[in-house]
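Below is one structure, written out as structure tokens; the observations come after it.
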Protein chains: 2
Amino acid sequence: MNDFQFQNTTKVYFGKDQLGHLHEEVLKYGKSVLVVYGGGSIKKIGLYDKVMKELKDNNVEVYELAGVEPNPRHTTVNKGAKICKENNITAVLGIGGGSTIDASKAIAALTLVDTDNIWDLVEKKVAWHDALPVLAMPTIASTGSEMDKSCVIANVEKGVKSGINGDILRPRASFLDPTNTFSVSPKQTACGGFDIMAHLFDMNYFVNNDKYPLQFNVVETLLRTVRQQLPIAVEEPENYSARATMLWAASWALNSFCTSGYKTQAQLHALEQFSSTYDMTHGLALAIITPKWMTYLLNKDETVAGDFARFGLNVMGIQDQGDDMANAKAGIEALQNFIKDELHLPTTLSEMNITDEKFDKLKVKACYGQDSLPRAYRPLSQEDCLNIYKMCL
Amino acid sequence: MNDFQFQNTTKVYFGKDQLGHLHEEVLKYGKSVLVVYGGGSIKKIGLYDKVMKELKDNNVEVYELAGVEPNPRHTTVNKGAKICKENNITAVLGIGGGSTIDASKAIAALTLVDTDNIWDLVEKKVAWHDALPVLAMPTIASTGSEMDKSCVIANVEKGVKSGINGDILRPRASFLDPTNTFSVSPKQTACGGFDIMAHLFDMNYFVNNDKYPLQFNVVETLLRTVRQQLPIAVEEPENYSARATMLWAASWALNSFCTSGYKTQAQLHALEQFSSTYDMTHGLALAIITPKWMTYLLNKDETVAGDFARFGLNVMGIQDQGDDMANAKAGIEALQNFIKDELHLPTTLSEMNITDEKFDKLKVKACYGQDSLPRAYRPLSQEDCLNIYKMCL
């Protein structure tokens, strides 16, 4: 096992009756908070009112930044930090999906440095070491941003998504209330759930070094659990147990335990250039790419058959076909059917009228401009990436 | 799922080349440290010298408390705190098994209050809220004290084991080096490993409420992993992968993730009154009791058959016998054989020449003087406990 360091300090308040602790967490750091949210769904579900009442009843000075975009823009982050600086705000609370929580982290860092542009931090033009305390309240089970230390921001002018990360950005406290995810649509539930699976595939399950018994078995178990519970959350939006399972799984897929000792590069997330290019949900793009990537790898390199066979048997629950290659194929087929029949998601780009026009640009981005990702599960050339994109059509 | 709060702040340095970070962690809090250890096995394996060199080369003022007992005595704790007070020591480092780390936590708390007797804290005669920073370096995979917030201390005069707990006692950093466990004897390895399994059984696997899919599946996976890897560690003391798996499993079995949302009382640990009564290793006592407890429960209450059957199939890997009762019996038999044939541990008290003489006292202790543990997996009366003890003869 490779040496590693592990620490995750986030305090998690999990459940439907934890909101009363919010003011305690805010008041630990001062008397004010910037509440960051997106398009207003938190108002529709009544969460906004509950949060405001909890904060104001406890004499917290509340400021707001609404309208954070699904791929949060750096200009929005800049706006948030300006509010914090002008009002000496002492904490930032992100309520919403990963984008909102990511934006909150970026705002928290930008507030404490001597520039008004987050992109100076992203491009390392301005050094940063500190940040306002971040609090998080996820309303979808997906990115796991509520327990991790990084954030991704979009610079639309430059056509780039990038980010910053550091332990100081990890939320001090996160409020995970499964009922706050009840109103997430079946499609977004499915996309968020597949994002969780992709996090597990990418750095923790399809790994380029020895499998560590403990971490590997736990990751497989998380995958199997999501595979079992996600369709329930899709079909029964108010099933508390399924929603709770997904929400807790999202955090665990990305809170560093699963990766402990692994150093595999995230190939699927590198291939996933569709969301920024075609304005597509990140999890949907991953759901389209993953089975094609697996099929391509299996055709190209038989040494993956054992891993994919195990995936088929232990995660997808296929019947044993007798040999690795047959089980691997059955596993991929089961995954494709799961996405189509149980998650009810599109499985090709054509269904969304997307053509191959931009693939030549995407294949470069998929390799971060290099020849390949050298530490990926199986390094792929730009040509390989192009071939996989064509399979997605 | 019950609401819960989860936070585990310990920084883990895992692996064989992490000792160089020790002085950084010590110097975060001041310039000195009390190094607490047991009977000298850390000198035999060369760890003592390495630690001393690392600390002294970096100008840390080192004080020592040697000779902490397997069930750490409150008088030893008192002695440690006296050294800390007299020398204004700024951190405590426990190197050894759970006892040593537990003693370090108690010393850390006692140093900052106005009494010289830890038992005043245990009995709540003196209030305490703070503690010196604790650091830990486990040399056996067992209690998980290196990531948890409690400690157990023995008061020999009163014939009682009890403790204190609080977030402030959780080690700030723990150094988990699998090679530090290479010299643990096969028997102690087996006992430590069974202790891990018992932690998982007790609050997280045999639960008195709904099983939560995520936590339950992960706990089952941890159990299966320990069941597979522990015999390897017993047979091949220098198998790094098996030792690493056991060490990381010990921490995870008790670091609060597995219990998240559960409130089951630890019945096996309540029944385990043998170690303090007969000077027996805690994990061995648990290994003797567990199969008997399962057999007794299955005979008394058929509703456990489903859980025990699942245990047999998914943890012990038995062949499916067709129905729950048969699978449950086969599962218990497989566990008993595992303890005897793979862990090479005694399975009865008679083998150690222990008679039933003290059972009447033990049955009272097993219920903490009450009629039963009301929140246990299946509450047992004192009479039930006595019957189980008789099965252990």
Qualifying residue in region A:223-230 (condition: surrounded by fewer than 18 Cβ atoms within 10 Å (Cβ to Cβ), over 19 Å from B:VAL218 (Cα atoms) and outside the structural domain of A:LEU47 (by TED's automatic domain parsing)): no
Among the residues listed as A:TYR262, A:TYR296, the single one being modelled with pLDDT under 95 and of a type in the set (Phe, Trp, Tyr): A:TYR262
Residues (over 22 Å from B:THR9 (Cβ atoms), part of a loop (DSSP other than H, G, I, E, B) and not hydroxyl-bearing (Ser, Thr, Tyr)) located in region B:134-193: B:ILE140, B:VAL156, B:GLU157, B:LYS158, B:GLY159, B:PHE182, B:VAL184
Near pairs, Cβ below 7 angstrom, 6+ apart or cross-chain, from region B:303-325 (in contact (Cβ under 8 Å) with a residue 24 or more places away in the chain) to any residue that is part of a loop (DSSP other than H, G, I, E, B): B:VAL304/B:ARG378; B:ASP307/B:PHE206
Unique residue being surrounded by fewer than 24 Cβ atoms within 10 Å (Cβ to Cβ), at pLDDT below 95 and in contact with a helix residue (DSSP H, G or I) (Cβ under 6 Å, 6 or more places away or on another chain) when the list is A:ASN217, A:ASN155: A:ASN155
Leading residue by the ranking (nearest to the other protein chains (Cβ to nearest Cβ)) among those in region B:197-208 that are at pLDDT 95 or above and more than 15 Å from the chain's Cα centre (by Cα): B:TYR205
Qualifying residues in region B:339-364 (those that are within 23 Å of the chain's Cα centre (by Cα) and farther than 29 Å from B:SER185 by Cβ) - the one surrounded by the fewest Cβ atoms within 10 Å (Cβ to Cβ): B:VAL364
Sole exception among (1) in contact with a Lys or Arg (Cβ under 8 Å, 6 or more places away or on another chain); (2) within 13 Å of chain B (Cβ to nearest Cβ) for A:PHE216, by number: (1)
Every residue from region A:1-26 that is outside any loop (DSSP other than H, G, I, E, B) and over 24 Å from B:ARG172 (Cα atoms): A:LEU19, A:GLY20, A:HIS21, A:LEU22, A:HIS23
Every residue from region B:38-61 that is crowded, with 16+ Cβ neighbours inside 10 Å and of a type in the set (A, V, I, L, M, F, W, C): B:ILE42, B:ILE45, B:LEU47, B:VAL51, B:LEU55, B:VAL60
In region A:18-35, residue farthest from A:ASP102 (Cα to Cα) [restricted to those that are touching a residue at least 60 places away in the same chain (Cβ under 8 Å), more than 14 Å from every other protein chain (Cβ to nearest Cβ) and not small (Gly, Ala, Ser)]: A:TYR29
Options A:THR281, A:THR245, A:THR264: the member that is over 15 Å from the mean Cα position of the chain (by Cα), outside the structural domain of A:ILE140 (by TED's automatic domain parsing) and closer than 24 Å to A:ASP384 by Cα: A:THR264
Filtered residue count, region B:38-76, keeping only those that are over 22 Å from B:VAL26 (Cα atoms) and among the polar types (S, T, N, Q): 4
Residue that is more than 14 Å from chain A (Cβ to nearest Cβ) and touching a residue at least 40 places away in the same chain (Cβ under 8 Å), where the choices are B:GLY67, B:GLY46, B:GLY38, B:GLY15: B:GLY38
Given (1) at pLDDT 95 or above; (2) within 14 Å of chain B (Cβ to nearest Cβ); (3) surrounded by fewer than 22 Cβ atoms within 10 Å (Cβ to Cβ), number of the condition A:LYS211 does not satisfy: (1)
Among residues of region B:146-183, those that are free of Cβ contacts under 8 Å to residues at least 60 places away in the same chain and within 12 Å of B:LEU247 (Cα to Cα), counted: 0
Qualifying residues in region A:235-258 (those that are in contact (Cβ under 8 Å) with a residue 60 or more places away in the chain and in a loop (DSSP other than H, G, I, E, B)) - the one farthest from the other protein chains (Cβ to nearest Cβ): A:LEU254
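The values are calculated or read from the model by the stated rules, or taken from the named source; none is laboratory data. In this text, all values refer to a predicted model and were calculated from it rather than measured experimentally. Here the Cβ is made from the backbone with ideal geometry for all residues, glycine too, and neighbour counts use every protein chain on show.
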